[in-house]
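K.L.:
One structure, as structure tokens, below. Some questions next.
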Amino acid sequence: MTAMAQPWFEDLADSVRALGEAAREYQLAHAAALSLQAGVEIDRRRLHDGKVAGQPGPNATGWHRTPVTREPHAHAVFTLGDTYGALVSRLHQLYENAALCFAAGGAWAIRTVQAGHNPNGVILALADDRRTLLPGAFRVEGLERYAGARQLATAYDRLATCLDAAGYAADLDSKQPLLDHEAGLVHDALSVAAGTADSAYTYGLHTERALQFALLEPRRQFMHRKAQAAQET
């Protein structure tokens, strides 16, 4: 017996959930990298002061023939610090983009359903590398009857604040050189913008829940048609 394809609204919900799971993976990876980075902070470590001499090979010439003294433990800790720092930065970029796509994807799904369409998946813009998804608009309206409308609006406002701060910081930073008070404003704005990824992920969760409300009527209509078809057979 051939399995029937699930209805479009289930595919759409799965599409939004997949965006959320992707963001969650990056969120966990970023948190793990932060923990690794914290573990090699010099202020938290007692470095062994033992030293090792590095003897150049027989083919070394000039100053390259000079032996080099190394502190292996310190070298390892500093190297790991640099490595984890780069990893934290990269994972934060990935997490932020994935979270923004989750938020925008959930909002897109709601708006599209409200417009009377029946997409079986979220559509987002694709970057030039044809691998990276790009977020779109985040705002949703027309959910006054939804029980979680206030929480959804609060989450949106928080995300908007973070995005506005990021834009403000970028605008100020482009006007080099900065005055002292402008440098302080950039610092403050970047501190707010640092919450973009978490705010986007939280808003994404709220849009995912709100999507279930937006799908109530399509689900009701589907079940009605299914019941009618069963009666006719």
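K.L.:
List pairs: first in the stretch 23-37 and in contact (Cβ under 8 Å) with a residue 60 or more places away in the chain and closer than 20 Å to residue 100 by Cα, second crowded, with 17+ Cβ neighbours inside 10 Å and of a type in the set (Val, Ile, Thr), Cβ under 9 Å, 6+ apart or cross-chain?
P.N.:
What qualifies is 30/88.
K.L.:
Among the residues of the stretch 75-97, is any polar (S, T, N, Q), within 17 Å of residue 10 (Cα to Cα) and either surrounded by fewer than 23 Cβ atoms within 10 Å (Cβ to Cβ) or in contact with a Cys (Cβ under 8 Å, 6 or more places away or on another chain) (or both)?
P.N.:
Kept after step one, since they are polar (S, T, N, Q), are these residues of the stretch 75-97: 79, 83, 89, 93, 97.
Narrowing the set further to residues that are within 17 Å of residue 10 (Cα to Cα) leaves none.
Within the stretch 75-97 (the criterion being polar (S, T, N, Q), within 17 Å of residue 10 (Cα to Cα) and either surrounded by fewer than 23 Cβ atoms within 10 Å (Cβ to Cβ) or in contact with a Cys (Cβ under 8 Å, 6 or more places away or on another chain) (or both)), the answer is no, since none of the residues qualifies.
K.L.:
Name the pairs: first residue in the stretch 56-83 and within 17 Å of residue 45 (Cα to Cα), second residue loosely packed, with under 12 Cβ neighbours inside 10 Å and among the hydroxyl-bearing types (Ser, Thr, Tyr), Cβ to Cβ under 8 Å, at least 6 apart or on different chains?
P.N.:
none
K.L.:
I'm trying to understand the selection: among the residues of the stretch 131-148, which are over 16 Å from residue 108 (Cα atoms) and either in contact with a strand residue (DSSP E or B) (Cβ under 7 Å, 6 or more places away or on another chain) or of a type outside the set (Val, Ile, Thr) (or both)?
P.N.:
Residues of the stretch 131-148 over 16 Å from residue 108 (Cα atoms): 131-132, 144-148.
Result: 131, 144, 145, 146, 147, 148.
K.L.:
What are the residues in the stretch 56-74 that are assigned to a loop (DSSP other than H, G, I, E, B), exposed (fewer than 12 other Cβ atoms within 10 Å of the Cβ) and not small (Gly, Ala, Ser), if any?
P.N.:
58, 59, 61, 66, 67
K.L.:
So which of 170, 193 is closer than 24 Å to residue 98 by Cα, crowded, with 17+ Cβ neighbours inside 10 Å and aliphatic (A, V, I, L, M)?
P.N.:
Step by step, each of 170, 193 is checked, and only 193 is closer than 24 Å to residue 98 by Cα, crowded, with 17+ Cβ neighbours inside 10 Å and aliphatic (A, V, I, L, M).
K.L.:
Within the group 158, 219, which residue is touching a residue at least 12 places away in the same chain (Cβ under 8 Å), in contact with a helix residue (DSSP H, G or I) (Cβ under 7 Å, 6 or more places away or on another chain), within 19 Å of residue 92 (Cα to Cα) and of a type in the set (Lys, Arg)? Break it down stepwise before answering.
P.N.:
Details: 219 fails: within 19 Å of residue 92 (Cα to Cα).
Result: 158 is the single residue among 158, 219 that is touching a residue at least 12 places away in the same chain (Cβ under 8 Å), in contact with a helix residue (DSSP H, G or I) (Cβ under 7 Å, 6 or more places away or on another chain), within 19 Å of residue 92 (Cα to Cα) and of a type in the set (Lys, Arg).
Values in this text are rule-based calculations from the coordinates and carry no lab data. Keep in mind that this is a model prediction, so the values were computed, not measured. Neighbour counts run over all protein chains shown; Cβ positions are idealised from the backbone, glycine included.
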